[in-house]
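Everything below concerns the one structure shown next.
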Amino acid sequence: MSSMKEIFGSFLLRELFGGLAVTGRYLFAPKTTVRYPEEKIPQSPRFRGLHALRRYPDGEERCVACKLCEAACPSMAITIEIAPDENGKRCTTRYDIDMMKCIFCGFCAEACPADAIVETRFYEYSAESRDALVWTKDMLLENGERCEEQIAEDLGRDMKYR
Amino acid sequence: MDMLRQFGQDMLGPAVFMVAATLAKIVCITLPLMLCVAYLTLLERKIIGWMQTRLGPNRVGPFGLFQPLADGLKLLLKEIVIPSGADKWVFLAAPVFSIAPALAAWAVVPFDDGVVLADINAGLLYLMAITSVGVYGVVLAGWSSNSRYAFLGGMRSAAQLISYEIAMGLSLVVVLMVSNSLNLGDIVNAQGKGLFAGMGVSFLSWNWLPLFPVFVVYMVSIVAETNRAPFDMAEGESEIIGFHLEYSGLAFSLFYVAEYASMILCSAIASILFLGGWLSPLGCFPDGFHWLAAKIFIVLVSFLWIRATFPRYRYDQVMRLGWKVFIPVCIAWMGVVGIWMMSPWSVWK
């Protein structure tokens, strides 16, 4: 009797229709795709995107050229050269981050005693040549100016955990 | 219409006019068919995407509607690589062998009462003969590629196609027993009468209900016959490699067009043989081509649905299903139907 039932069940494709019902339900389920350039997924305040060099509100660079970030960088993406400026203060003459080497671990930002180098939420900086992916000091400072509001907010939210 | 015919005959002479008129009809069938093939690929990607809670292609044009054109253009611009040591002419002829039957078979498919390119009496026989030629495309493609993988893939696909052709042929035999004709138009018309048709619910008197086991066998066989998932051993892109391993560019796309064209063809044949062709499902609606189109569409969507749902069969399971299940079932039901037709309870008088 049970074998007869099995034969009828398999000829009516009972189990297969069970499977089809599952996919049939998903046909009308809400879609999870994010239409990327138009829509973006939400970001954490600790999002680690492109780096930025920050300034104090009076316009002075925060960076004190201690080279801790260079030392902390596990992929040796940061290159720093130092010279005293006209006031005799230690100052970077060169601060390059090679974005092809960078692994966005955030160790540089963690190592920085002055919160000068930070990682912003900006991540759309693709380029067509390798040279364009080496971010120089001027570019990083400019990125810092552009994102300062967001950086300050994110750092403020993270402050009590540091 | 008659005026046009008269005018054409006067202009071209009867013989030339007949050729021209037939060619025009062929174009009228083939061009929309090619358009359907193009948009079937889009529909497939959309439906499978939706079933996986994705959106499917939506970048080219509104809702991705120009995606097939972009795909076609891309394949057109790609190089056709002919492997060294390949039999060049056979290599290039194989895709044609595979697409020609899928198009030629449309000659006998009736779209409405009497609307058919070639209203021949042996329509079903022609269909079985011409669709069998498709297997040559597979074998020749595998053989001429000068590659062991392609060769083995071709052999495997040929064995699969031939096995399921037997099951398919036997199920068609049952259909022609009950409809008493090999003409597809007559087969459709034979489904329009009977007890249920008289009561106005004619969809119950179509062949799928009295021949239900054969209908199931046929539907599964056409999935296997068109090399669709879960029987897509021919393609097997993730674990075993199929006969079109060495093909690229337009030659490769011809195999794909052939696959989708034969999908549409098999859906049309299934609609005609089992689902009443152009007949309307309820007596209160008029018959017409739109019913055939709707039935073809439903069968095609079920193809895609099946592909989105089931994992691929193992090869020995494919062979077991074909030889040990489908063929015996068809032969048994042939006997049952034979006795049923001779008995006083026959529904086909």
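The values are calculated or read from the model by the stated rules, or taken from the named source; none is laboratory data. Owing to the predicted nature of the structure, the values given are computational and were not obtained by experimental measurement. No Cβ is skipped: glycine too gets one built from the backbone with ideal geometry, and neighbour counts run over all protein chains shown. Surface areas here come from the heavy atoms of the whole protein model, side chains and all, with no ligands, DNA or RNA. Shrake-Rupley method; radii C 1.70, N 1.55, O 1.52, S 1.80 Å.
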Check your understanding: Can you find even one residue in the range B:291-311 that is out of contact with any Asp or Glu (no Cβ under 9 Å at 6 or more places or on another chain) and farther than 25 Å from B:Leu42 by Cα?
Key -> no
**Study point:** 3 or more residues in contact with a Lys or Arg (Cβ under 9 Å, 6 or more places away or on another chain): qualifying strands (runs of 3 or more DSSP E) within the range A:1-117
**Key:** A:78-84, A:90-98
Review point. In this structure, is B:Trp333 in a helix (DSSP H, G or I) and away from chain A (no Cβ under 14 Å)?
Key: no
Check your understanding: If you go through the range B:290-327 one residue at a time, how many are within 12 Å of another protein chain (Cβ to nearest Cβ), closer than 17 Å to B:Leu170 by Cβ and open to solvent by 40 Å² or more (accessible area, probe 1.4 Å)?
Key -> 1
Review point. Does the range B:111-131 hold any residues that are surrounded by 14 or more Cβ atoms within 10 Å (Cβ to Cβ) and assigned to a loop (DSSP other than H, G, I, E, B), and which are they?
Key: B:Phe111, B:Asp113, B:Val116, B:Leu117, B:Asp119, B:Ile120
Revision key, fill the gap. Picked from the range B:182-214 (must be buried (at least 17 other Cβ atoms within 10 Å of the Cβ) and of a type in the set (Gly, Ala, Ser)), the residue farthest from the other protein chains (Cβ to nearest Cβ) is B:Gly185
**Study point:** Only listed residue being buried (at least 16 other Cβ atoms within 10 Å of the Cβ), of a type in the set (Lys, Arg) and touching a helix residue (DSSP H, G or I) at 6+ places or on another chain (Cβ under 9 Å), chosen from A:Arg46, A:Arg121, A:Arg94
**Key:** A:Arg121
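Among the β-branched types (Val, Ile, Thr), open to solvent by less than 40 Å² (accessible area, probe 1.4 Å) and more than 30 Å from B:Ala93 (Cα to Cα): does that describe B:Val223?
Working: among the β-branched types (Val, Ile, Thr): yes; open to solvent by less than 40 Å² (accessible area, probe 1.4 Å): yes; more than 30 Å from B:Ala93 (Cα to Cα): no.
For B:Val223, the condition - among the β-branched types (Val, Ile, Thr), open to solvent by less than 40 Å² (accessible area, probe 1.4 Å) and more than 30 Å from B:Ala93 (Cα to Cα) - is not met.
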Exercise for review: Identify all residues within the range A:121-162 that are within 17 Å of A:Glu61 (Cβ to Cβ) and charged (D, E, K, R); write none if there are none.
Suggested key: A:Lys137, A:Asp138, A:Glu142, A:Glu145, A:Arg146, A:Glu148
Check your understanding: Mind checking which residues of the range B:61-82 are open to solvent by 50 Å² or more (accessible area, probe 1.4 Å) and within 14 Å of chain A (Cβ to nearest Cβ)?
Key -> B:Pro62, B:Phe63
Study note, to complete from the structure: Of the residues in the range B:22-55, those that are touching a residue at least 12 places away in the same chain (Cβ under 8 Å) and either assigned to a loop (DSSP other than H, G, I, E, B) or away from chain A (no Cβ under 14 Å) (or both) number 15
Point to revise | Restricting the range A:21-70 to residues that are more than 14 Å from every other protein chain (Cβ to nearest Cβ) and aromatic (Phe, Trp, Tyr), the residue that is nearest to A:Arg90 (Cα to Cα) | key: A:Tyr56
